[in-house]
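Right, one structure below, let's go through it.
Each value in this text was obtained by applying a stated rule to the coordinates, not by laboratory testing. Just so we're clear, the structure is a prediction, and the values are computed from it rather than from any experiment. A quick note on method: Cβ atoms are made from the backbone with ideal geometry, for glycine too, and the neighbour counts reach across all protein chains shown.
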Amino acid sequence: MTPEPFDEDCLYLNIWAPRDPPVQSIGYPVMLWIHGGGFFEGSSLQIIYDGLSWTNAAIQASNSFIMVSINYRLKVMGFFAQSALVDDHGQTIANQGISDQRMAMQWVRNDIRQFGGNSDSITLMGQSAGSHSVCTHIVSPLSTNLFHAGILDSGTCHTPTY
């Protein structure tokens, strides 16, 4: 399976929000970041995904937003696709990693106002496998109304993962 142990206890998210309340009553726009790593490795805690530098730069440019980065199950715990694991309609039920992402998106949609965010202005952004995930959510009816825009950085739904 894997050469080293890994922990399934990974369903965390990080939120970086400006200290000042939003000027507009609708709240700050939100960027939800999905990390890459080929659905095999990676974490939202990697230093290159530190939302503090992103949000501080936006504050200095008077274009503040809230950044949320999420974790999701990886490897066999998150992406064990197998033909026997389908529902009554032939849809896979084994893609727990994408389901984890969708659950985080639902939480952000329902609760980001508590952090000064605008739940009607959520942009998904991902890099590599995260970009593949964003594309998957764009085309999935299960993710409808959970976000409003998507940014794909180096990957699409048709990009192979390695």
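Summary table
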quantity: Mean ellipticity per residue at 222 nm, deg cm²/dmol - from DSSP H runs of n ≥ 4 across the chain, formula -39500 (n - 2.57); calculated: -7500 deg cm²/dmol
quantity: R0 of 35 Å, Cβ-Cβ distance Asp50-Ala84: FRET efficiency to nearest 0.05; calculated: 0.30
quantity: Charge dipole (debye, nearest 20) of region 13-153; +1 at Cβ of Lys and Arg, -1 at Cβ of Asp and Glu; calculated: 120
quantity: With eigenvalues of the C-alpha gyration tensor scaled by 5 and rooted, region 5-84, Å; calculated: 32, 13, 10
quantity: Listed peptides 137-150, 103-116 by packing density, highest first (mean Cβ within 10 Å); calculated: 103-116, 137-150
quantity: Hydrodynamic radius of region 57-129 per Kirkwood, over alpha carbon pairs, in Å; calculated: 14.6
quantity: Positive-pole candidate from Ile151, Ile26, Val68, dipole of the chain, charges at beta carbon; calculated: Ile26
quantity: The chain, Cα convex hull volume normalised per residue, Å³; calculated: 124
quantity: Those Cys residues of the chain for which no other cysteine Cβ falls under 4.7 Å; calculated: Cys10
quantity: Percent RCO, i.e. relative contact order, over region 13-153, from Cα pairs under 8 Å lying at least 6 residues apart; calculated: 30
quantity: Packing rank of 126-133, 84-91, where each peptide gets the mean count of other beta carbons within 10 Å, highest leading; calculated: 126-133, 84-91
